[in-house]
Amino acid sequence: MDLYEGLPEPVAKAWERGLTSGRAAMSRRRLLRAASLAAAGTTLAACGIPPAAGGKGGEGAEEAPDYSRKEKVLNFANWPLYVDVDEKNKKKHPTLDRFERESGIKVKYVEDINDNNEFYGKIKPQLAAGQSTGRDLICLSDWMAGRLIRQGYVQRLDPANMTHAVTNLEDRFRAAAHDPGRQYSYPWAGTACIVAYNKKATKGKKITSVSQLLEDDALKGRISMLTEMTDTVGLTMLDMGADSEHFTEDQFDAAIARIQKAVDRQQLRRFSGNDYLDELNSGDIAACLAWAGDIVQLQMDNDDIAFAVPDRGYLFGTDDLLVPAEARHQSNAEALIDYYYQPDVAAQLAAWVNYICPVTGAKAEMEKIDKELADDPLVFPDQHMIAKGKNFRPMSAKEEARYEEKFSKLIGA
């Protein structure tokens with residue numbers, strides 16, 4: 001059975017792009033030093049399973065039996081390089097090792113999420129059939145987390161088991177459009193799409209807006225935008241004065257047309273996934289749209305790398321922890337979520353992954369670890385940056401197909 005069977009063609013193409021060049025394919029730490037991670041396509045092992053009427057999770061659904069008391073184990077699926085690693089022994093994860101010692105729960109940690117859509121295709125047959133996915137905890141981007149919640153494919157979390165998480169989740173993460181009140185998910189990290197540039201390549205000129213990327217003749221042929229539709233189109237709409245959280249079809253089309261104009265005049269070098277980093281680092285790309293965590297990492301090695309938060313806003317999101325329907329060890333999963341909402345643990349994680357930390361009190365703990373990171377607004381955003389963060393509004397299935405088709409034509413996918 002083909003992974004994309006039954007999907008509208010533009011959506012299938014967008015999913016396939018994500019496997020090799022989208023945000024989901026990016027490495028999470030020291031990308032320039034790490035070996036390239038090839039996200040392989042997956043053929044579903046189970047085929048012909050009919051859709052369920054809503055799965056076993058979600059609102060109003062029957063809870064799955066929890067074997068946590070008898071089975072002190074936890075199967076945790078995450079993205080590659082998205083947890084701290086011991087510098088001397090790459091197979092060890094200090095924060096996870098500490099959790100095992102303190103809780104007595106053995107964690108089987110696997111890095112088998114390379115793309116939101118690919119992973120969804122991998123686990124959907126089991127979820128639709130009311131079967132366990134073999135995973136107790138997964139980490140997916142907010143828009144995909146929202147899809148699973150709407151389909152009833154995740155378990156409602158018990159706040160009584162997560163007092164640290166309930167108490168220490170920063171207020172701005174509580175009002176999540178895809179999960180109001182955070183009943184089903186908690187952020188592992190926050191993400192931000194911003195403007196970045198190489199000061200040497202721009203000859204000291206600051207690049208602070210999407211307008212400069214699309215229209216500055218001095219940058220012609222030396223800028224890149226992302227193959228992720230929500231980030232590229234969302235930031236362009238914000239630059240044009242539209243609200244990415246409440247846009248219309250006409251506003252979306254206007255953003256596409258604006259980018260197309262820049263493509264036609266060869267302003268863009270190309271659309272890229274995370275591979276923009278090498279070219280930004282070398283100066284082959286002078287400026288681009290970029291993910292904030294990557295820029296924090298690049299700046300560790302290159303003083304010429306700079307970033308700007310556009311005056312009209314940037315794209316903000318989260319990667320969320322969820323317990324899939326039919327998970328055997330929900331309480332154990334909740335214990336791990338709660339553990340990572342202790343400020344000292346959250347700071348240790350953020351010091352390694354360099355993405356936005358969602359935990360109140362972690363900044364003070366980070367000051368003991370790395371004062372520079374504690375002051376970095378890409379890891380601990382200040383109020384000015386927080387105020388500029390915008391989401392890309394949820395899309396219906398029909399909208400997703402329509403918008404992806406238009407974007408695919410734009411980028412030549």
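The values are calculated or read from the model by the stated rules, or taken from the named source; none is laboratory data. Because the structure is predicted, anything quoted here is derived from the model rather than measured. Reconstructed Cβ throughout: ideal geometry from the backbone, glycine too, with neighbour counts over all protein chains shown. Surface accessibility is based on the protein's heavy atoms, side chains included, excluding ligands, DNA and RNA. Shrake-Rupley method; radii C 1.70, N 1.55, O 1.52, S 1.80 Å.
On the basis of the beta-carbon distance and an R0 of 51 Å, S331 and A308 show a calculated FRET efficiency of 0.70. Under the combined filter of DSSP loop state and at most 12 neighbouring Cβ atoms within 10 Å, the stretch 279-376 retains none of its GluC sites (Glu not before Pro). Restricting the calculation to Cα atoms, the stretch 205-327 yields a radius of gyration followed by a Dmax of 15.6, 56 Å.
Taking Cα centroids, how far is the stretch 319-351 from the stretch 160-200 in Å? Using only Cα atoms to place each centre, the spacing works out to 13 Å. Between amide H atoms placed 1.01 Å from N, distances below 5 Å from V154 occur with G57, G58, A325, all of them 5 or more places distant or on a separate chain. Our analysis of the stretch 80-166 gives Rg over Rh at 0.99, with the two radii drawn from alpha carbon positions and Rh computed by the Kirkwood formula. Taken as Cα centroids, the stretch 374-413 and the stretch 77-105 sit 30 Å apart, rounded to the nearest whole angstrom.
For I149, the solvent-accessible surface with a 1.4 Å probe is about 20 Å², rounded to the nearest 10.
Extension gain, D97 to E215, is 37.5 nm, computed as 0.36 nm per intervening residue step minus the present C-alpha separation.
Of the residues K122, K203, the one with the largest accessible area comes first in the ranking K203, K122, computed with a 1.4 Å probe on protein heavy atoms.
Full extension of the chain segment joining I369 with T248 gains 39.1 nm, where the gain is 0.36 nm per residue of separation less the Cα-Cα distance. Set the bar at 28 Å for Cα to Cα. Now go through K88/K371; K203/K363; K88/K124 and name every pair that lies beyond it. Over 28 Å Cα-Cα: K203/K363; K88/K124.
Only Cα pairs under 8 Å and 6+ residues apart enter the sum, and on that basis the relative contact order of the stretch 350-393 stands at 36 percent.
Taking one quarter of the surface of the convex hull spanned by the alpha-carbon atoms of the stretch 348-399 gives a direction-averaged projected area of 4.8 nm². Other residues within the sphere of radius under 11 Å centred on the Cβ of I138, judged by their own Cβ, net out at -2 (K and R +1, D and E -1).
Using a cut-off of 20 Å between Cα atoms, the listed pairs K200/K220; K70/K106; K70/K108; K106/K368; K261/K409 include K106/K368 as exceeding that distance.
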